[in-house]
């Protein structure tokens, strides 16, 4: 089958940008080219002339502002200077369909074979011949950069398609068809008939599940059809164990499939298990599966991957070994099924309970398999799960009316403890059935935190770590930690008032050692509101979150704020005699002018006595959206009645997603204002609370919030609640009596106590 296109038609296609790929391209822009003869697989180009010098590479040309290499096609003065293009090598009746000459140096790139100075001779052979000749007609050299040759389909045949797949298969096999002829289409049949272009077109691998004859043919325009490839795929015969034993006695069998029931399971070794199968699951008439692997020839991960009763189909070589048939090593599973057990069993929903020291109760769901009339009890054991034990006094366990396990655990007032038990029942044949061992653990007693116990006094009677060396880590209960410290119990040379007491000494960091520090933390549900120190050299210690206050001749220091934890870091040796920490379950905030205040803390909380709002900048206003709880570190605006108290209550159930769009920045410690910082304030001139630009260098206190408006113009920014709806001024009754006034250069209209802007939107 061939397709012949006229020269003019091809020229038209190329001229309108048809994306055809040239069969052969001679590109002279990159490197020299042998002028005597150029031969490629699909044809030849021969350069002939009075001498090689007439066809030469030049490394630079300057016409039309271009640079690069080109082939110098000499001035025409006889028939000897020419380029001859021939057909495909070894193909009969080969035809050159089209030639493209890139004549960049003397004109724009041309399509077809006639450039400004080049023409095609032997035109009578344009469609039927095997050779074409290009010649120059100009009176000067012609410089060309590229020749592309498009050939028509040459006579010949497509490559015979290849059919691949597993000749003998168990359940299914994948068939893949390929052909080495580029662009050829493959057609196939599954019924043994000869395929043609009207048969099934092949596009991707497919599966067959039964014995099938696959035939395929490759077809391409311009080439003869290939020969038909035929392949027979046979679904394997699966033998029973008895058939395999009988057949193997005569000769080895390769590629054998045998189905059976596992009657003896073995141990795991290097991902392989040796086991036996039989037809009925008993150990009579059994076949050994030596060093078998799992499905898809994968390694087994545990010995339990093969269990007695599993139904399997094994693939591999059957042979005799020591006069007994077996599957040779290298076998693997092609089918696997583990039937549901019919044996009585008791399954529990949890085999371990971990309880706090406080009293608690709960239940464990129990499932009774293949036990019709359940009569269950609870038995206690030692940790080994086999030795019976007395029921401990601190736990009560029983089976309730729903046949589930119920337990009640008393409060623990001592060390951690554990109990071990099983659920027991009789099956339908009065046989004993036990569940797996259940472990119940209870944590040791921990004294509850007391607000009054917030003083650490480092005297000789209260040793908080005298055996620790420098850089040791010290932990006292759950309320504070210290790092890079040493306890000094006596022998100080200063402050006689404390000569009988010990002290904790923080050290300046040296090398890569951490700085001496103390971190004080509040238990869950509490916050730290004050820390008082006595000691020496507090001008060499600072708080990471908040500021300390030095007073009384450098002997005392204090910190005030709201925090879950505060870290104090020493910049040099600092001695501390006592630390007194004040904890509270809540904090109080007095609302400022117009009932507004900003707030931030390093713990999550809810607010009582005021509404809490997050904020975002939108359309030249700061929009406030109310929130139910506040996330640690987030800045918020509190709104209530001026002078009233808002209560901050620690909470650990605040959703993070609620603050994705919050643009208020919380201050957990004092920071200096930078350019573009806006703080909430009320100016006496109009009495309106807005966000005003803050002077650079001004200290913004800890536990406050601000907005960073990098592109702000310095003008105050009004606030607006998200619930407010815009009101059209035209809808206000008696609008002619409304009072107009200017506010910060903006026209405002006030009516019945409500202020609108010029568009009619509510300002406040």
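Quick look at the values:
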{"item": "Number of the exception - residue 669 against (1) in a loop (DSSP other than H, G, I, E, B); (2) exposed (fewer than 15 other Cβ atoms within 10 Å of the Cβ)", "result": "(2)"}
{"item": "Subset tally (residues that are touching a helix residue (DSSP H, G or I) at 6+ places or on another chain (Cβ under 8 Å) and crowded, with 22+ Cβ neighbours inside 10 Å) for region 591-629", "result": "2"}
{"item": "Single residue of region 389-405 satisfying the filter (assigned to a strand (DSSP E or B) and either at pLDDT 95 or above or surrounded by 14 or more Cβ atoms within 10 Å (Cβ to Cβ) (or both)) that is nearest to the chain's Cα centre (by Cα)", "result": "405"}
{"item": "So residue 523, is it in contact with a strand residue (DSSP E or B) (Cβ under 6 Å, 6 or more places away or on another chain), assigned to a loop (DSSP other than H, G, I, E, B), farther than 24 Å from residue 645 by Cα and at pLDDT below 75", "result": "no"}
{"item": "Matching residues in region 574-596 - criterion: being touching a strand residue (DSSP E or B) at 6+ places or on another chain (Cβ under 6 Å) and outside any strand (DSSP E or B)", "result": "586, 591, 593, 594, 595"}
{"item": "Strands (runs of 3 or more DSSP E) fully within region 308-378 counting 2 or more residues that are under 29 Å from residue 296 (Cα atoms)", "result": "311-321, 324-327, 332-337"}
{"item": "Of all residues in region 196-217 being within 44 Å of the chain's Cα centre (by Cα) and part of a loop (DSSP other than H, G, I, E, B), the one that is nearest to residue 234 (Cα to Cα)", "result": "210"}
{"item": "Hits in region 250-307 (condition: part of a loop (DSSP other than H, G, I, E, B), in contact (Cβ under 8 Å) with a residue 40 or more places away in the chain and either closer than 18 Å to residue 240 by Cβ or more than 43 Å from the chain's Cα centre (by Cα) (or both))", "result": "252, 285, 286"}
{"item": "Output for region 344-363, where each listed residue is farther than 25 Å from residue 415 by Cα and surrounded by 14 or more Cβ atoms within 10 Å (Cβ to Cβ)", "result": "344, 345, 346, 348"}
{"item": "Test: residue in region 698-709 that is farther than 27 Å from residue 601 by Cα, outside any strand (DSSP E or B) and at pLDDT 65 or above", "result": "no"}
{"item": "Filtered residues of region 218-249 (kept if within 45 Å of the chain's Cα centre (by Cα) and more than 22 Å from residue 169 (Cα to Cα))", "result": "218"}
{"item": "Condition broken by residue 649, with the remaining ones in (1) part of a strand (DSSP E or B); (2) within 21 Å of residue 562 (Cβ to Cβ); (3) modelled with pLDDT of 90 or more satisfied", "result": "(3)"}
{"item": "Of the criteria (1) assigned to a strand (DSSP E or B); (2) outside the structural domain of residue 303 (by TED's automatic domain parsing); (3) closer than 25 Å to residue 300 by Cβ, which one residue 171 fails", "result": "(1)"}
{"item": "Residue under evaluation residue 642, criteria (1) out of contact with any helix residue (DSSP H, G or I) (no Cβ under 8 Å at 6 or more places or on another chain); (2) modelled with pLDDT of 90 or more, criterion not met", "result": "(1)"}
{"item": "Residue match in region 238-252 (condition: over 30 Å from residue 214 (Cβ atoms), at pLDDT below 95 and touching a helix residue (DSSP H, G or I) at 6+ places or on another chain (Cβ under 6 Å))", "result": "no"}
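Rundown of residues vs (1) under 16 Å from residue 538 (Cα atoms); (2) modelled with pLDDT of 80 or more, yes/no style:
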position	(1), (2)
573	yes, no
583	no, no
591	no, yes
595	no, yes
598	no, yes
602	no, yes
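The values are calculated or read from the model by the stated rules, or taken from the named source; none is laboratory data. From a predicted model like this one, the values you see are computed outputs, not experimental measurements. Heads up, the Cβs are rebuilt from the backbone with ideal geometry, glycines too, and the neighbour counts pull from every protein chain shown.
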